[in-house]
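The values are calculated or read from the model by the stated rules, or taken from the named source; none is laboratory data. Please read all numbers here as calculations on a predicted model, not as lab measurements. Cβ coordinates were reconstructed from backbone atoms using ideal geometry, including for glycine residues, and neighbour counts include every protein chain displayed. Heads up: the accessible areas ignore ligands, DNA and RNA and are worked out on the full protein's heavy atoms, side chains in. Shrake-Rupley method; radii C 1.70, N 1.55, O 1.52, S 1.80 Å.
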Amino acid sequence: MNLADLNKIANAMVAPGRGILAADESSGTIKKRFDAIGVESTEDNRRDYRELLFRSEAMSKNISGVILYDETIWQKAKDGTPLVKLIEQAGAIPGIKVDEGTQALPGCPNELITVGLDKLAERLKKYYEQGARFAKWRAVIDIAQGIPSYTAVRTNAHALARYAALCQQAQIVPIVEPEVLMDGAHDIDRCYEVTEFVLKETFQELYYQKVPLEGLVLKPNMAIAGKKSAKKSSVEEVAEKTVRLLKNCVPGAVPGIAFLSGGQSDEEATAHLDAMNKIGGLPWKLTFSYGRALQAAPQKAWSGKSENVASAQRAFTHRAQMNGLASKGEWKQAMEKAA
Ligand code: 13P
């Protein structure tokens, strides 16, 4: 492992003004997204849609890296250029989702464990040869009555650290993603408490498994109320509590934190990131690694029609630009100035 090189990639992934495009929707998830815009989820349609994103202006300006799904990393654009090359030509870094989804965790009703460690070392070698310089593994922790259990948190943290160690050995920067879902009815303080527990366990496992923190990027949820909660938090409360939470859990050796959007609206995800960066004085970079919050607008604009490609690209570029400003804490002023 060359830690200095891993650290260089990790820093590039969270460079100010830039963030990560999560375009690694599994076949099931992309089908759901395409169903919503009335597009059939064929291999060609998935390629056309992702090609449109990778050829957008946003890529060279505000996107540091793209998380790909296995199918995409092997695909070629319509003109025969490998999609990975398109990303590299724009100056962004190709990455790859390497977990193989979730399964029920025995003994823990309604809880999940992320799988995919078997043969991961071999798969990482192939992905590196194909151009991937970072990877992603997502652990899912749900909040409800009586959960999460200690078993689910511990087991998922252990798997995340196993994955991270294997990535670094393959000279690939691991994005460590322990996602506490915002699907429930819990309030922001319950989210805080659970995320604190999850992050502390995750960093403990990373330590036990000898993963140097300079060579990874953390992808957490924000401290935020569940979607079914009656108590909505203000932008300031989300920002303050998330920063306090991260300062309590994430060592300063971590180069950067790139949030997931987790079901927040586009604007909320941007406003929250902006408010956190405005607080300032943070030991790590704070940026975005959004899926839905970057892609909802371009998907709607595209709707599967080739004549809509340019407007879909504009919609994606706009969201990336807004989040690029938020990664520097400059979004709100820019909006006020423009108004
Ligand atoms: P969302 O931003 O849509 O939550 O997706 C990010 C991601 O990569 C989840 O694993």
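Quick rundown of the values:
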| item | result |
| --- | --- |
| The stretch 41-82: chymotrypsin sites (Phe, Trp or Tyr not before Pro) in DSSP coil with no more than 15 other Cβ atoms inside 10 Å | 74 |
| Relative contact order for the chain, counting Cα pairs under 8 Å that sit 6 or more residues apart, in percent | 20 |
| Kirkwood Rh (inverse of mean 1/r, distinct Cα pairs), the stretch 1-68, angstrom | 13.7 |
| Heavy-atom accessible surface of the chain: percent carbon and sulfur, 1.4 Å | 50 |
| Mean Kyte hydropathy of -1.0 or more with a Cα span along the axis of at least 27 Å, helices from DSSP in the chain | 150-169, 188-208 |
| Residues of the stretch 206-339: accessible area per residue with a 1.4 Å probe, Å² | 43 |
| Low-density loop cleavage sites - trypsin sites (Lys or Arg not before Pro) in the stretch 99-145, where at most 13 other Cβ are within 10 Å (DSSP) | 119 |
| Hull-based mean projected area of the stretch 1-120, where the convex hull spans the alpha carbons, in square nanometres | 10.2 |
| Highest-fluctuation residue, 184, 107, 291 considered, GNM on the chain with Cα pairs under 10 Å | 107 |
| Paramagnetic reach from residue 278 (point 7 Å along Cα→Cβ, amide N under 16 Å) across the stretch 300-339 | 322-339 |
| Accessible-area ranking of 325, 160, largest first, probe 1.4 Å | 325, 160 |
| Heavy atoms of residue 158 accessible to a 1.4 Å probe, total area in Å² rounded to 10 | 90 |
| Global geometry of the stretch 278-339, whether rounded, prolate or oblate, following the gyration tensor of its Cα atoms and the 1.5 cut on a/c | oblate |
| Coarse-grained scattering of the stretch 151-298 at q = 0.08, 0.13 Å⁻¹, given as base-10 log I(q)/I(0) from a Debye sum over alpha-carbon atoms | -0.21, -0.56 |
| Extreme residue, positive dipole direction of the chain, given options 198, 101, 265 (C-beta unit charges) | 265 |
| Charge dipole (debye, nearest 20) of the chain; +1 at Cβ of Lys and Arg, -1 at Cβ of Asp and Glu | 500 |
| The chain - convex hull of the alpha-carbon atoms, volume per residue in Å³ | 130 |
| At most 14 other Cβ within 10 Å, DSSP loop - trypsin sites (Lys or Arg not before Pro), the stretch 292-339 | 305 |
| Overall form of the stretch 225-321 per C-alpha gyration tensor (a/c, 1.5; a/b vs b/c) | prolate |
